[in-house]
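Please treat every number below as a calculation from the coordinates, not as lab data. These numbers were taken from a predicted model, which means no experiment stands behind them. As a convention, Cβ positions derive from the backbone with ideal geometry for all residues, glycine included, and neighbour counts pool all protein chains shown.
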Amino acid sequence: MKINPQCVVALTWTLKDTLGEELDVLDEPIEFLVGGSDLLAGLEEALQGHVAGDTVELQLEPQHAFGDYDDRLLFLEPRHLFPDNIEEGMGFEGLPAGCTSSAPHDRLYFVSDIYPDHVVLDGNHPLAGIALRIHLKVHAVREAQVSEIGRGTLGAGFFRMQVESSDTPSDPDAPSGKPTLH
């Protein structure tokens with residue numbers, strides 16, 4: 001079966017920056033819904049018409065990947081609003097109560113710096129502002145089920161920074177509070 005809108009594709013990848021530094025490797029295939037919110041538009045476009053076994057190489061500029069870095073999504077918040085065991089790299093769904101009220105509530109925020117009295121939270125995707133070189137391998141293609149199309153996602157959150165509804169299952173294999181790229 002060829003990849004087309006509203007199908008499910010199992011992919012592995014290697015993501016590199018334009019200097020060739022490896023940013024992420026997905027060794028085991030994960031299924032993504034094509035035509036939903038699982039993949040970036042540029043990836044979906046590049047995958048169209050490919051079949052299992054194909055490889056695809058492409059480069060996405062920041063505006064077609066995770067966007068330009070937006071310093072308006074950096075927030076300096078009081079340290080006492082966070083758990084004692086906070087670490088750089090930890091992620092939060094939205095900001096804790098008492099933080100900047102004007103900050104978007106439906107984003108993932110990552111701790112970028114910790115100071116004695118303040119914590120810096122970053123609402124940008126970890127790969128924002130970076131042009132990506134992507135090597136994809138297509139492992140399988142199948143028709144999407146009606147229920148999958150209705151949800152618009154298979155739950156693979158790598159390409160999203162918006163927080164889903166509170167009934168979204170969390171990844172039991174992810175270290176507690178640590179963000180994962182896939």
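If you average the C-alpha positions of the range 92-162 and of the range 1-52 separately, how far apart do those two centres end up, in angstrom?
17 Å
Determine the calculated [θ] at 222 nm for the chain from helices alone, applying -39500 (n - 2.57) to every DSSP H run no shorter than 4 residues and normalising by the residue count; nearest 500 deg cm²/dmol.
About -1500 deg cm²/dmol.
Over the range 29-110, what number does the Rg to Rh ratio reach, with both radii from the alpha-carbon atoms and Rh per Kirkwood?
Working: Rg = 18.1 Å, Rh = 16.3 Å.
A ratio of 1.11.
Can you check what the net charge comes to around Gln63, using other residues whose Cβ is under 15 Å from the Cβ of Gln63 (Lys, Arg +1; Asp, Glu -1)?
Summing Lys and Arg as +1 and Asp and Glu as -1 gives -4.
What does the net charge come to around Ala52 if you take all other residues with beta carbon closer than 11 Å to its beta carbon, with K and R at +1 and D and E at -1?
Details: positive: Lys2, Lys137, Arg142; negative: Asp54.
Result for the neighbourhood of Ala52: +2.
How much FRET efficiency would the formula 1/(1 + (r/R0)^6) give for Glu57 and Glu28, where r is the Cβ-Cβ distance and R0 is 35 Å, rounded to 0.05?
Given R0 = 35 Å and the Cβ-Cβ separation, E is 0.95.
What are the principal axis extents of the Cα atoms in the chain, in Å, biggest first?
The principal-axis extents, from largest down, are 56, 40, 28 Å.
Can you tell me the order of 22-33, 79-90 when each peptide is scored by its average per-residue count of other Cβ atoms within 10 angstrom, highest first? The partial results should precede the final answer.
Numbers: 22-33: 15.2, 79-90: 12.3.
Ranking, from highest mean packing down: 22-33, 79-90.
List the extent of the Cα atoms of the range 71-122 along each of their three principal axes, largest first, rounded to whole Å.
Taking max minus min along each principal axis of the Cα atoms, the range 71-122 gives 24, 20, 18 Å.
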